Every structure is written in C-alpha cells, then in structure tokens.
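Note sheet for the following structure.
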Amino acid sequence: MSFQIFVDPDVNCTFVRYSKFVQGEGLSAINQIIQNSRFRHGMNILRDTRQIVLPDKLDYAWFKNDFEDIYTREHLLMQGSLFAWLVGSPADYAKAHSWALVTRTMSGQNRRAFRNMDAAKDWLDIPVNYTINYAPDYSTK
C-alpha cells in the first residue's frame with residue numbers, strides 16, 4: 001500500500017499521506033477511510049502528496065475526461081466534506097488545482113489545492129499546532 005491513513009473525529013478530519021503514486025489508490029484510500037470505525041459521514045479530508053511527484057498525465061483533460069466515474073463514486077462517499085490536497089511543487093499544484101476546478105460543480109463537497117500545510121489546516125479549521133499521527137495501530141481503531 002502506498003498510503004497511510006489517520007482518522008480523527010476530534011478535528012473532523014481524515015488524513016491520507018502518500019509515499020508513491022499508484023493509479024486508483026485515491027479511491028482505495030477513500031474506501032478504507034469510510035470503513036474505519038472512527039470515520040463519521042461528512043468528515044473533511046487532507047490528502048498529502050508532498051513526498052511524491054505526480055505524473056504529467058494528471059492534467060485538466062485527464063481529470064475532466066478519464067476520471068468521471070471515480071469522482072462520482074468518491075463524491076457519494078464523501079458528501080458534506082472539505083477536501084484539501086497538499087502538494088510539494090508548483091507543477092503538482094497545477095495538477096491538484098485542475099482536480100479542484102473539474103469538481104467545483106459537485107454539490108456537497110468543496111475541494112482545494114494547497115502548497116502549505118498551515119494554510120490547509122486553517123481552511124479545514126484544524127489548529128496549526130495539531131500533530132497528525134499516522135501510527136498504524138492508532139489510525140485503525
């Protein structure tokens with residue numbers, strides 16, 4: 001698995017950190033999140049891909065044309081949430097921003113791209129000094 005999950009109802013957020021890009025694992029992560037006993041409907045998401053470089057194919061056209069079915073399934077699972085995507089480079093920000101643009105008309109979910117963890121936490125109403133604990137034995141409770 002190329003990602004770690006932490007679900008924290010105390011800050012109304014699920015956190016996903018990726019160690020490599022594997023196509024399709026975004027939806028796999030969402031499916032794991034909703035099966036977690038700590039998950040509550042409408043929780044926010046912070047996707048952290050700062051440690052990886054996203055493939056060039058993830059452009060506006062790809063998100064618009066090749067990903068619609070996945071968006072529909074993901075959207076139904078995460079209605080009522082804010083979805084922040086944290087990236088590590090200007091090029092990856094452009095890709096994540098394309099994702100946010102393509103999905104901006106989906107009611108029930110608001111998505112934004114970020115380059116700065118503090119800005120993402122602020123948007124998700126998470127204290128700046130909050131520490132994300134990806135320890136496997138804690139995140140699966």
**Asked** Does at least one position in segment 33-42 carry a residue that is within 14 Å of the chain's Cα centre (by Cα), of a type outside the set (A, V, I, L, M), modelled with pLDDT of 85 or more and crowded, with 19+ Cβ neighbours inside 10 Å?
**Response** no
**Message:** Return the residues of segment 4-26 that are part of a strand (DSSP E or B) and either more than 11 Å from the chain's Cα centre (by Cα) or free of Cβ contacts under 8 Å to residues at least 24 places away in the same chain (or both); say none if nothing qualifies.
**Reply:** Gln4, Phe6, Val7, Asp8
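The values are calculated or read from the model by the stated rules, or taken from the named source; none is laboratory data. The structure displayed is predicted, hence computed values, not measured ones. Cβ coordinates were reconstructed from backbone atoms using ideal geometry, including for glycine residues, and neighbour counts include every protein chain displayed.
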